[in-house]
Amino acid sequence: MKLSHLSETLIGSEIVKLGGEIRDRIRKGEHIYNFTVGDFNPQIFPIPKELEDEIVEAYRQRFTNYPPGEGSLELREAVSRFAKDYQGLEYNTDEILIASGGRPLIYALFRAICDKGDKVIYAVPSWNNNHYVHFVEGKHVVVEAKAENNFMPTADDLRPHISNAVFIALCSPQNPTGTTFRKEELERICAMVVEENKRRTDTEKKLYVMFDQMYWQLTYDGIQHYDPVTLNPEMRPYTIYIDAISKAFASTGVRVGWSLGPAAILNKMKAILSHVGAWAPMAEQKALTRFLANKPAIDAYLVHFRSELEERLRRIYEGFVQLKEQGYSVEAVAPEAAIYLTIKIDLVGKKTANGDELKTQSDVTSYLLQEASLAVVPFYAFGAAKTSPWYRLSVGTCKKEEIDEMLQKLGTALMQLR
Ligand SMILES: Cc1ncc(COP(=O)(O)O)c(C=O)c1O
């Protein structure tokens, strides 16, 4: 069967594939600590009750027709107030585009800016940028982020690549690392982008920045979220924000997201999405409009949600610190944000109790699953080298009562290695 070049060359999400395999094993009765998915177990982390009630009510009131392509005016007004109140960002309703979550906005943004062969810069490990660049047949300019920078790209990492590039994909707090930009580093990146754009003539395409801040409400322990336009107002013409309720309100299946950015770009994204039809459902738009006006409910939800996520991240992090102190080849980056912990499990070359050698990182991943029932996503699924010993551990489905037994099982599995 001959199909399009795009469909024949598109690689499915590695994470979704891995998650599927693990779910299969769970269905067959295995007990697995499944920390692979960037999603929530709704039994542990339900959406805000007030939002749930508003959605049910909106369907009862029959808000079931097509929404306007750019999102309902009242929701864009609510998002405008929300961005101002919570982040100090001032965007008018014509500088806000609503869609069914972050993904369609990212897709439309790549489509609106990048032509075939255009240089797109993104760091690895990072979430799905490789796939979006593939969609637009862009030229992948991949920057390897370093462990010493908590796997966040730096201005120095990006600088050698920016001449002729049209797009930089940034994400903070970052999936998969759960780490964030420091103020000074993001300032340096912004200054570099502004300078590069001043250098370009009006007939040249500018250098745009996608700033994906899906997790920005979820920061811990004094970590502050910074964004390009707040740090450097000259970034405004070149910055397009991606945001949604998917992660901040555990609402991955509810499907409402928004972009903030220059009206001319958002209009093109809207035109692209009008053919895809990836609008947020009318009832959900109605419900979110009402929910975003309920500041006490938002604040109460976020306080609780953040503390539950942070407790899990911190306990697992401390467990890894202890294992390291006991002499095992593991490490973890102190949690900063989101629902992710970056861990290192460096066991290539060790021998199992049966005398089998763990020859590759993929052998290590299988060993963890077999012996510790621990399922985590290797950084290579996010574009890092296949040999990278780093992993993403997601706590969105983590039961607190399982943390100690998981760490104990991991300790036993590590102890058995020679
Ligand atoms: C950094 C980042 N951006 C965007 C998305 C997409 O979110 P949505 O579910 O709203 O499409 C995700 C989801 O995993 C993500 O981690």
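The values are calculated or read from the model by the stated rules, or taken from the named source; none is laboratory data. What you see is a predicted model; the values in this text were computed from it and never measured. Note that we place each Cβ from the backbone using ideal geometry, even for glycine, and neighbour counts take in every protein chain shown. Side chains included, ligands, DNA and RNA excluded: accessible areas come from the protein's heavy atoms. Shrake-Rupley method; radii C 1.70, N 1.55, O 1.52, S 1.80 Å.
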Requested in this report: Could you tell me whether residue 304 is surrounded by fewer than 17 Cβ atoms within 10 Å (Cβ to Cβ) and outside the structural domain of residue 83 (by TED's automatic domain parsing)?
Outcome: yes
Query raised in the report: For segment 240-257, does any single residue satisfy the condition of being closer than 30 Å to residue 282 by Cα and more than 16 Å from the ligand (Cβ to nearest atom)?
Result: no
Report task. Can you work out which of the residues in segment 92-130 that are touching a Leu at 6+ places or on another chain (Cβ under 9 Å) and more than 16 Å from the ligand (Cβ to nearest atom) is least open to solvent (accessible area, probe 1.4 Å)? Result -> 121
Query raised in the report: For segment 232-248, what are the residues that are part of a loop (DSSP other than H, G, I, E, B) and buried (at least 22 other Cβ atoms within 10 Å of the Cβ)?
Result: 245, 246, 247
Requested in this report: Scan segment 379-408 for residues that are on the phi < 0 side of the Ramachandran plot, part of a loop (DSSP other than H, G, I, E, B) and out of contact with any Asp or Glu (no Cβ under 6 Å at 6 or more places or on another chain) and jot them down.
Outcome: 384, 385, 386, 387, 388, 395, 397, 398, 399
Requested in this report: Could you give me the residue pairs with C-beta distances under 8 Å whose first residue belongs to segment 320-348 and is within 16 Å of the ligand (Cβ to nearest atom), whose second residue is basic (Lys, Arg) and not in a helix (DSSP H, G or I) wherever it lies, and which are 6+ apart or on separate chains?
Outcome: 338/247; 339/247; 340/392; 341/392; 342/392
Report task. Give the residue that is surrounded by the most Cβ atoms within 10 Å (Cβ to Cβ), with candidates limited to residues of segment 163-211 that are away from the ligand (no atom under 16 Å from the Cβ) and in contact (Cβ under 8 Å) with a residue 60 or more places away in the chain. Result -> 208
Query raised in the report: Of (1) assigned to a loop (DSSP other than H, G, I, E, B); (2) closer than 30 Å to residue 374 by Cα; (3) away from the ligand (no atom under 15 Å from the Cβ), residue 65 satisfies all except one. Which?
Result: (2)
Query raised in the report: How many residues does segment 258-285 contain that are within 11 Å of the ligand (Cβ to nearest atom) and touching a Ser or Thr at 6+ places or on another chain (Cβ under 9 Å)?
Result: 2
Query raised in the report: Which residue pairs have Cβ atoms under 6 Å apart, sit 6 or more places apart or on different chains, and have a first residue in segment 220-248 that is of a type in the set (Lys, Arg) and a second that is part of a loop (DSSP other than H, G, I, E, B) and within 16 Å of the ligand (Cβ to nearest atom)?
Result: 247/214; 247/215
Query - residue 84 free of Cβ contacts under 8 Å to residues at least 60 places away in the same chain, in the same structural domain as residue 229 (by TED's automatic domain parsing) and away from the ligand (no atom under 16 Å from the Cβ) - result: yes
Query raised in the report: Only one of (1) farther than 22 Å from residue 295 by Cα; (2) hydroxyl-bearing (Ser, Thr, Tyr); (3) out of contact with any strand residue (DSSP E or B) (no Cβ under 7 Å at 6 or more places or on another chain) fails for residue 122. Which number is that?
Result: (3)
Query raised in the report: Is it true that residue 133 is open to solvent by less than 20 Å² (accessible area, probe 1.4 Å), in contact (Cβ under 8 Å) with a residue 24 or more places away in the chain and within 21 Å of residue 175 (Cβ to Cβ)?
Result: no
Query raised in the report: What single numbered condition from (1) open to solvent by less than 50 Å² (accessible area, probe 1.4 Å); (2) touching a residue at least 40 places away in the same chain (Cβ under 8 Å) fails to hold for residue 19?
Result: (2)
